[in-house]
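**Student:** First, the structure itself, so that you have it in front of you.
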Amino acid sequence: MAQVIHGEFGPSDASVEMAETIALTPQKTHSVAALNLSPKPGDVGGNLLLAERAIVEAKLAHPDLGWVVLPELFTSGYSDLAAIHRYAEDAEHGASVGFFSSLAGSLGLYIAYGFPERMPGTGGAGGAGVCDSANLVGRDGVVLTYRKRHLVRTNGEHLIFVPGTELPVVEADGVRTAFAICWDLGFPEIAREAALAGAELILAPAGWREPWGPQYELSCAARALDNAVYLASANQLGIYPEARFGCPGHVYGPDGLRVSRSEGERSVGEVEPGAVERWRKFYGSTLLETAEAVPLEVCS
């Protein structure tokens with residue numbers, strides 16, 4: 001029996017040929033949880049405990065939970081950027097890495113979280129600069145580190161952080177995974193670069209401010225649909241001295257539609273290996289590396 005990966009795309013009386021195109025082969029699925037939390041500025045220890053409680057609760061509610069996403073700069077909180085260097089840490093040996101690696105190992109999942117990263121040799125006169133970074137950790141430590149490439153100029157991020165230059169893709173539990181951080185989602189090129197490198201799931205820690213919540217949701221959906229990938233984003237929530245954060249993040253499928261359900265501060269959806277390729281066959285691939293690579297078929 002044919003089954004769509006999400007939503008009711010395609011006519012209900014689709015032909016046998018179309019049904020065969022999107023026929024489901026049983027595959028292992030995992031849940032991904034976007035934890036839209038409110039970290040306390042500068043309270044790294046307290047924020048780690050906040051994350052631990054939320055992650056354990058999510059795992060208890062969803063035993064198949066495979067990935068958890070926390071907000072941008074979660075360890076320090078996205079606030080008081082001028083003092084952010086006080087909470088910067090090494091990406092592979094910082095306090096948060098050991099904490100989250102131990103938690104990931106005990107629960108059997110991957111944890112994506114934002115933090116200020118100390119980068120020796122990137123500051124003036126050989127000093128240490130700071131990147132707005134995200135780690136993906138598993139039981140054995142850091143699997144992937146990503147440094148935000150598009151810094152927000154209207155609030156001075158470009159004066160505080162060193163921009164990243166790379167966009168690595170790794171395989172986590174059988175799913176090829178990449179990162180974007182907040183304002184990166186406003187640039188179609190980031191998600192496209194990840195998709196062309198083979199990514200099926202983009203994890204996106206965010207600190208997306210109001211009044212631009214609707215644009216945040218649209219950007220997440222568009223980047224997923226543009227590239228036929230899953231995208232899971234967690235946003236910081238709450239009112240802070242510098243900004244107000246009010247729009248929770250969600251999980252979006254390769255058809256651009258939300259696949260997650262809200263459960264208080266968390267939003268949980270399923271990621272199915274193979275769904276990305278089925279959607280591209282059904283809808284038409286938009287990953288045109290060359291003009292003649294794939295004919296445009298969308299909505300025809």
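The values are calculated or read from the model by the stated rules, or taken from the named source; none is laboratory data. These figures come from a predicted structure and were not determined experimentally. Glycine gets a Cβ as well: all are built from the backbone with ideal geometry, and neighbour counts include every protein chain shown. Heads up: the accessible areas ignore ligands, DNA and RNA and are worked out on the full protein's heavy atoms, side chains in. Shrake-Rupley method; radii C 1.70, N 1.55, O 1.52, S 1.80 Å.
**Student:** Report those strands (runs of 3 or more DSSP E) wholly inside segment 217-300 carrying at least 1 residues which are modelled with pLDDT of 95 or more and surrounded by fewer than 14 Cβ atoms within 10 Å (Cβ to Cβ).
**Tutor:** Counting at least 1 such residues, we get 261-263.
**Student:** Looking at segment 109-129, is at least one residue crowded, with 20+ Cβ neighbours inside 10 Å, part of a strand (DSSP E or B) and without any contact (Cβ under 8 Å) to a residue 40 or more places away in the chain?
**Tutor:** Yes, there is a match, as at least one residue in segment 109-129 is crowded, with 20+ Cβ neighbours inside 10 Å, part of a strand (DSSP E or B) and without any contact (Cβ under 8 Å) to a residue 40 or more places away in the chain.
**Student:** Please enumerate the residues belonging to segment 44-89 that are open to solvent by less than 10 Å² (accessible area, probe 1.4 Å), in a helix (DSSP H, G or I) and β-branched (Val, Ile, Thr).
**Tutor:** Passing the criteria: 55, 84.
**Student:** Among the numbered conditions (1) touching an Asp or Glu at 6+ places or on another chain (Cβ under 9 Å); (2) among the aromatic types (Phe, Trp, Tyr); (3) surrounded by fewer than 17 Cβ atoms within 10 Å (Cβ to Cβ), tell me where residue 183 comes up short.
**Tutor:** Unmet for residue 183, out of (1) touching an Asp or Glu at 6+ places or on another chain (Cβ under 9 Å); (2) among the aromatic types (Phe, Trp, Tyr); (3) surrounded by fewer than 17 Cβ atoms within 10 Å (Cβ to Cβ): (3).
**Student:** Is it the case that residue 195 is of a type in the set (A, V, I, L, M, F, W, C), more than 27 Å from residue 245 (Cβ to Cβ) and either out of contact with any Gly (no Cβ under 9 Å at 6 or more places or on another chain) or open to solvent by 40 Å² or more (accessible area, probe 1.4 Å) (or both)?
**Tutor:** yes
**Student:** A further question on this structure: Could you list all residues from segment 234-253 that are in contact (Cβ under 8 Å) with a residue 12 or more places away in the chain and more than 14 Å from the chain's Cα centre (by Cα)?
**Tutor:** Scanning segment 234-253 gives 237, 238, 240, 241, 242, 243, 244, 245, 246, 247.
**Student:** Return the pair list, or none, for Cβ contacts closer than 8 Å from residues in segment 47-58 that are touching a residue at least 12 places away in the same chain (Cβ under 8 Å) to residues that are among the small types (Gly, Ala, Ser) and assigned to a helix (DSSP H, G or I), at least 6 apart or on different chains.
**Tutor:** Close Cβ pairs (under 8 Å, with a partner that is among the small types (Gly, Ala, Ser) and assigned to a helix (DSSP H, G or I)) amount to 48/95; 48/96.
**Student:** Something else: When you scan segment 199-212, do you find a residue that is among the β-branched types (Val, Ile, Thr) and either surrounded by fewer than 24 Cβ atoms within 10 Å (Cβ to Cβ) or without any contact (Cβ under 8 Å) to a residue 24 or more places away in the chain (or both), even just one?
**Tutor:** no
**Student:** Could you check how many residues of segment 182-216 are assigned to a helix (DSSP H, G or I) and of a type outside the set (A, V, I, L, M, F, W, C)?
**Tutor:** Result for segment 182-216: 10.
**Student:** Take residue 143 and tell me if it is of a type in the set (Val, Ile, Thr), in contact with a Phe, Trp or Tyr (Cβ under 9 Å, 6 or more places away or on another chain) and either farther than 21 Å from residue 199 by Cβ or open to solvent by less than 50 Å² (accessible area, probe 1.4 Å) (or both).
**Tutor:** no
**Student:** Give me a count of the residues in segment 151-160 that are surrounded by fewer than 20 Cβ atoms within 10 Å (Cβ to Cβ), part of a loop (DSSP other than H, G, I, E, B) and touching a residue at least 24 places away in the same chain (Cβ under 8 Å).
**Tutor:** Counting residues in segment 151-160 that are surrounded by fewer than 20 Cβ atoms within 10 Å (Cβ to Cβ), part of a loop (DSSP other than H, G, I, E, B) and touching a residue at least 24 places away in the same chain (Cβ under 8 Å) gives 3.
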